[in-house]
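S.K.: Sharing a structure here in C-alpha cells format.
Just so it is clear, none of the values below were taken in a lab; they were calculated from the coordinates. Nothing here was measured: the structure is a model prediction, and the numbers come from that model. Counting neighbours? That spans all protein chains shown, and the Cβs are built from the backbone with ideal geometry, glycine included.
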Amino acid sequence: MIYQVEMIRSATALSKDDLNTSFVYKIRLSGNFVMEISDEISLFVNTLINGGMKKVVFDLTDLKYIDSTGIGIFISLTKAVRAKGGDLVFLNVNQKILEVFHLVKLNDFIPFFRGEKQVVDHFFALKV
C-alpha cells in the first residue's frame with residue numbers, strides 16, 4: 001500500500017487559524033488496503049483530523065483491493081471527521097472497489113465523486 005497526500009485549495013485562508021479549513025486534503029491510495037496497513041492510515045488521518053482538518057478526500061483510482069478492516073477504517077474516520085464538523089468523501093472509485101462498497105452499502109454513508117470540482121463544490125455547499 002502506498003499513499004500520497006496533497007492539498008487542493010478550496011477557499012482563501014483569512015488567517016492562520018483558517019489554514020486547515022481552507023484546503024481539501026486528498027489522500028491517494030494505491031495497492032491493497034488491508035489490515036497490515038490500516039493502523040498506519042488510521043493514525044495518520046486521525047492526527048490530521050485532530051489537528052483541525054475537516055475536508056478529507058480518499059482518491060481510490062489506484063486501489064486494487066480492500067478488506068473489511070479497510071472498510072472499517074473508512075467508517076471510523078468518517079465518523080471522526082463528521083464529529084468535528086467536517087466530512088470525508090471518495091474520489092474516482094474504480095469499478096471493482098465500487099462493487100464491494102455497494103455490497104456493504106458504504107455508498108449510503110460516504111459520498112462518491114468523479115472529479116475534484118465536484119468534491120470542492122460538495123464541501124462548499126456544506127460550508128465546511
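S.K.: Going by how many other Cβ atoms sit within 10 Å of their own, how do Phe101, Phe74 line up, fewest first?
M.R.: So the residues, fewest neighbours to most, are Phe101, Phe74.
S.K.: Using amide H atoms built 1.01 Å from N in the peptide plane, name the residues 5+ places from Phe33, or on other chains, whose amide H lies under 5 Å from its own.
M.R.: Lys64, Tyr65, Ile66, Asp67
S.K.: Rounded to whole Hz and in sequence order, give me ³J(HN,Hα) for the stretch 107-117 from the Karplus expression 6.51 cos²θ - 1.76 cosθ + 1.60, θ = phi - 60°, writing x for Gly and Pro.
M.R.: 5, 7, 10, 10, x, 10, 9, 9, x, 4, 4
S.K.: Taking the Cα-to-Cβ direction at Leu43 and at Lys79 and moving 7 Å from each Cα, how far apart do the two end points lie in nm?
M.R.: Computed distance between label sites Leu43 and Lys79 equals 2.1 nm.
S.K.: Quick query: amide H of Leu91 versus all other amide H atoms, modeled in the peptide plane; which residues come in under 5 Å with a sequence gap of 5 or more or a different chain?
M.R.: Counting only residues 5 or more places away or on other chains, the set is Phe58, Asp59, Leu60, Phe113.
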